[in-house]
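Scroll down for the structure; my scribbles are underneath it.
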Amino acid sequence: MKNSTQGGPTANASRYAYNYAKRFAAQIVKDGYSPGSVAKYRSTAEALWAAMLEEDLCPAKLTDDCIDQLTLPIIGAAFPKDQKHCRYRINRFRDYLIENAGAPTRSEPPLDMSPRACLKRDYETYLRVQRGLSEDTIYHCLRFFDRFLTAKFGTGLGDLNKIKPGDITGFILRLREAQNAPRDKTGPSHLRNLFQFLFWSGKTERNLSAAVPKARQPKPTGIPRYLEPEEVNRLIEVVHGHKKTGRRNYAMLMLIARLGLRAPEVTAIELDDIDWRAGEILIRGKKQLHDRMPMSAEVGEAIVDYIKNERRGPDRALFVSVKPPFKRFKDAQILRWILRDAYDATGISPPQAYIGTHILRHSLATDMLRKGASLAEIGDVLRHRSAMTTTIYAQHDVDALRLISRPWPTSGGAQ
């Protein structure tokens, strides 16, 4: 692979240009990695840089074929447990060379033109353009696309008109057995999207979406579980004491407990969503609906404290990981883990078996009701699209229920 013109322009460019391996290592230091991680990144980058010098390759000549040949011995020399991360470090250094040293971008992988892959791309376009679904929903719809078609046809794609209602119900039953979640309605919903698309696009002669059984969703009859205000305060305060994540976790729980946000809405907040002058925050709610909410001084101070003293990294998300490279969270599970640890630290018993952050929304609504707020005001704070959703909290207002209760039927004057 060596250049035949030794000492030519390519060699000069490699040998006398900036040592990008050292510059890359300096960038890793700025990103906040530990000294041990920095040493690994530096060693890997310098090994690749030395291999480039040996072959008289400047960054502009670092094609896919070249990088494969150069990195093979470097990865092979690493410890077996470190080889996967060694490849990751090499890719990070290559990204740095692409952005800063004129290295060519990675070649696009050849497009899969198999019938199933083409159908999947058409389905993705349908979900995004025709249905206008969120990226998260599209991701899960495509997962069920693969799961159902694999269960029916294996790795390929058979005759879609041979799909029968029994195939659908059998697939859902297997899901129920595996997940032990008989009232989970997401699977049937994603399958309906699939069969609506297949009929809409003319791939099937019948619209099988009506054959997808509905998940049984009985209306809630019990009073929503909640925590007392002092218990909520203890949970919030206990997370504040953590050295590395205390300010972030405190601000995240404050947004739920004081403003009634949902967990995914908290992790979706961007830095630009906060209007500090107006004291408002943009909430990216369900179904791509956005709302602006007033931000209390207590919540604002918690966010400012986090941004000034704990938050790091270039990501525009408000809440990011504390580990380099400080990226945003892929989902809202982090909040469930934070609350679970808070229960353990305080000794408070969760009011329900499933530990979820929605309990803080219920607690906020219950406390507002006790302090005299109307159901309409609670619905506005929780951003319920239907007034009927808020009526579940009426079960807590015993005095109001007494006013509308009917007398108990009696017989013979018995009370």
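The values are calculated or read from the model by the stated rules, or taken from the named source; none is laboratory data. On a predicted model such as this, the values are computed, not experimentally measured, just so you know. Ideal geometry is used to build each Cβ from the backbone, glycine not excepted, and the neighbour counts take in all protein chains shown. Accessible surface is based on the protein model in full, side chains and every heavy atom, while ligands, DNA and RNA are left aside. Shrake-Rupley method; radii C 1.70, N 1.55, O 1.52, S 1.80 Å.
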> Restricted to the range 287-326, and to residues that are of a type in the set (S, T, N, Q) and in a helix (DSSP H, G or I), which residue is modelled with the lowest pLDDT?
Replying inline: Gln288
>> Would you confirm, using the coordinates I've provided, whether Cys86 is surrounded by 14 or more Cβ atoms within 10 Å (Cβ to Cβ) and under 17 Å from Asn19 (Cβ atoms)?
In response: no
>> Here are the criteria: (1) in a helix (DSSP H, G or I); (2) closer than 23 Å to Glu205 by Cα; (3) touching a helix residue (DSSP H, G or I) at 6+ places or on another chain (Cβ under 9 Å). Tell me which single one Asn161 does not satisfy.
In response: (3)
> Which residues, counting only those in the range 84-137, are among the β-branched types (Val, Ile, Thr) and assigned to a helix (DSSP H, G or I)?
Replying inline: Ile90, Ile98, Thr125, Val129, Thr137
>> Tally up the residues in the range 152-199 that are modelled with pLDDT under 90, surrounded by 13 or more Cβ atoms within 10 Å (Cβ to Cβ) and charged (D, E, K, R), please.
In response: 2
> Does Gly202 satisfy the condition of being open to solvent by less than 70 Å² (accessible area, probe 1.4 Å) and assigned to a helix (DSSP H, G or I)?
Replying inline: no
> What number of residues in the range 48-61 are open to solvent by less than 40 Å² (accessible area, probe 1.4 Å) and among the small types (Gly, Ala, Ser)?
Replying inline: 1
>> Among the listed residues Ala400, Ala376, identify the single one that is part of a helix (DSSP H, G or I), of a type in the set (A, V, I, L, M, F, W, C) and at pLDDT below 65.
In response: Ala400
> Across the range 23-32, what is the number of residues that are open to solvent by 30 Å² or more (accessible area, probe 1.4 Å) and at pLDDT 90 or above?
Replying inline: 4
> If you take the residues of the range 227-276 that are within 14 Å of Asp341 (Cα to Cα) and not in a helix (DSSP H, G or I), which of them is most open to solvent (accessible area, probe 1.4 Å)?
Replying inline: His242
>> Going by what's in this entry, would Ile303 be described as closer than 20 Å to Glu135 by Cβ, touching a strand residue (DSSP E or B) at 6+ places or on another chain (Cβ under 9 Å) and open to solvent by less than 30 Å² (accessible area, probe 1.4 Å)?
In response: no
> Which residues, counting only those in the range 60-81, are in a helix (DSSP H, G or I), under 35 Å from the mean Cα position of the chain (by Cα) and not charged (D, E, K, R)?
Replying inline: Ile67, Thr71, Leu72, Ile74, Ile75, Gly76, Pro80
>> Pull out all pairs, ordered by first then second residue, where Cβ-Cβ is under 9 Å, the residues are six or more apart or on different chains, the first lies in the range 313-334 and is over 14 Å from Ala251 (Cα atoms), and the second is part of a helix (DSSP H, G or I) and open to solvent by 80 Å² or more (accessible area, probe 1.4 Å).
In response: Arg316/Asp272; Asp331/Asp136; Asp331/Pro264; Ala332/Pro264
> List pairs: first in the range 370-382 and in contact (Cβ under 8 Å) with a residue 60 or more places away in the chain, second surrounded by 12 or more Cβ atoms within 10 Å (Cβ to Cβ), Cβ under 6 Å, 6+ apart or cross-chain?
Replying inline: Val381/Gly260; Leu382/Gly260
